[in-house]
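Just below is one structure, and these are the notes that go with it.
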Amino acid sequence: MQPRMRSHRPRIIGWPTTSPPSAIDRISLMVPQEIAAAAVVLITALSGLAVTACGHARPDSASASRQGPAIIPHYRGSPAPHSRSADGDMLAIAAGNYIAGSTEDERERAYLDYRRTAGHDGARRHRWFAREQPRRSAYLGAFVIDRHLVTNAAYGEFLRDTGTPIPTMDAQTWARQGFIQPYDPQVVRFRWHSAAAPPAGREDHPVVLVTWQQADGYCRWRGNLTQRTRRLPTAAEYEKAARGPAGSIYPWGPHYDPDRLNSQVAGPIDTTPVDGYPQGASGYGMLDAAGNVFQWTATPWPYGGGGRMTVKGSAWDDWAGLGRGASGHGRRAWVRHVLVGFRCAGSDPARSDADSGPRP
């Protein structure tokens with residue numbers, strides 16, 4: 001996907017209803033959500049557990065798979081056309097109420113859809129949707145969020161400018177993380193071999209094999225690049241953008257449609273270009289809100305502890321029932337997975353509570 005050079009001022013969608021130099025400066029600018037996320041990084045560094053494909057933990061004696069301290073990146077001046085283009089194409093979501101959570105009926109239909117497409121009842125057996133919050137109306141202030149997932153091409157600009165470790169994985173580390181996908185061929189195809197270029201033919205695919213810290217670091221670096229505040233989206237921001245103004249169950253509507261997303265149901269059992277499913281866009285225009293890869297958020301997973309962060313969306317090897325706006329699960333911040341990527345977000349400085357309308 002060729003970069004589109006646009007103004008850095010996001011396009012407002014919907015009706016309004018209403019680069020710090022040091023670690024100390026960065027902490028002083030954090031909102032409570034970010035403070036909680038930073039605490040997760042410290043907890044994670046002490047954690048000795050790995051997460052399985054279903055989000056369950058098991059002992060891990062290898063510190064090699066753990067990542068270092070949180071990244072505080074500074075833009076050093078390298079060319080970054082892909083990252084600049086992505087920032088200029090962000091979606092601006094107006095402040096106001098949105099539909100959050102799910103009903104018991106929605107969760108039951110998701111379990112049935114999963115069984116119908118997967119041929120087994122694993123989602124129900126593991127109670128994947130049991131922790132979804134009840135359906136309700138919630139309020140969010142204005143924010144901006146990436147239209148597309150962060151691509152390998154854009155992430156490569158970050159690597160070359162900052163010297164951040166490349167997304168890679170060896171067989172031993174993959175085995176220690178405890179995921180079910182076979183290392184060869186499902187992992188080796190995503191490995192980078194140098195910061196000079198991503199795996200051939202995957203330049204416009206979503207970057208994977210990145211930790212939460214690395215994803216957060218890219219977003220903050222991009223904010224430094226564009227002189228705006230950028231970060232990972234909160235789980236609530238992700239859900240609002242994914243559901244659109246109508247509060248849809250799936251980004252496109254109330255029912256699962258395998259032709260609107262990259263999933264196990266219709267293939268290709270691999271990542272795809274981030275603009276490959278325009279028919280699956282949410283009502284706000286967010287692409288791959290379901291399908292392609294799960295996505296890191298800035299929200300700590302509230303269940304189980306152990307340094308987990310909430311991931312939203314669904315991935316290329318998932319069946320029906322996942323990818324709803326209300327669904328999500330927790331993964332440890334230091335894991336690197338071929339199913340997990342990310343997008344960036346930020347608070348919209350152009351809007352304020354003065355024109356945001358009444359709160360619930």
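Test Gly330 against the criterion of being out of contact with any helix residue (DSSP H, G or I) (no Cβ under 7 Å at 6 or more places or on another chain) and either closer than 27 Å to Trp192 by Cα or assigned to a strand (DSSP E or B) (or both), and give yes or no.
Yes, satisfied.
Check the range 57-74 and report whether any residue there is buried (at least 22 other Cβ atoms within 10 Å of the Cβ), at pLDDT below 95, at negative phi and more than 18 Å from the chain's Cα centre (by Cα).
Checked the range 57-74: at least one residue is buried (at least 22 other Cβ atoms within 10 Å of the Cβ), at pLDDT below 95, at negative phi and more than 18 Å from the chain's Cα centre (by Cα).
Condition check ((1) over 27 Å from Asn224 (Cβ atoms); (2) hydrophobic (A, V, I, L, M, F, W, C); (3) under 18 Å from the mean Cα position of the chain (by Cα)) across all residues:
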| residue | (1), (2), (3) |
| --- | --- |
| Pro134 | yes, no, no |
| Phe143 | no, yes, yes |
| Asp146 | no, no, yes |
| Val187 | yes, yes, no |
| Gly201 | yes, no, no |
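What are the residues in the range 176-230 that are in a strand (DSSP E or B) and surrounded by fewer than 21 Cβ atoms within 10 Å (Cβ to Cβ), if any?
Selection gives Ser194, Ala197.
Kindly provide the set of residues from the range 238-266 that are aliphatic (A, V, I, L, M) and either farther than 23 Å from Ile93 by Cβ or modelled with pLDDT under 95 (or both), ordered by number.
Correct list: Val265, Ala266.
Looking at Arg359, is it at pLDDT 95 or above and in a loop (DSSP other than H, G, I, E, B)?
Answer is no for this residue.
In this structure, is Ala298 in a loop (DSSP other than H, G, I, E, B), modelled with pLDDT of 95 or more, under 17 Å from Thr211 (Cα atoms) and under 12 Å from the mean Cα position of the chain (by Cα)?
So Ala298 fails the test.
Take the residues in the range 133-149 that are of a type in the set (A, V, I, L, M) and surrounded by 21 or more Cβ atoms within 10 Å (Cβ to Cβ); name whichever of them is farthest from Arg222 (Cα to Cα).
Checked the range 133-149; the qualifying residue farthest from Arg222 (Cα to Cα) is Ala142.
Only one of Ala130, Ala110, Ala86 is of a type in the set (A, V, I, L, M), exposed (fewer than 13 other Cβ atoms within 10 Å of the Cβ) and at negative phi. Can you tell me which?
Answer to the selection: Ala130.
Could you run through the range 212-228 and say how many residues are of a type in the set (A, V, I, L, M, F, W, C) and closer than 14 Å to Asp161 by Cα?
Qualifying residue count for the region: 3.
The values are calculated or read from the model by the stated rules, or taken from the named source; none is laboratory data. If you're wondering where the values come from, they're calculated on a predicted model, not measured in any experiment. With ideal geometry, Cβ positions are generated from the backbone for all residues, glycine too; neighbour counts draw on all protein chains shown.
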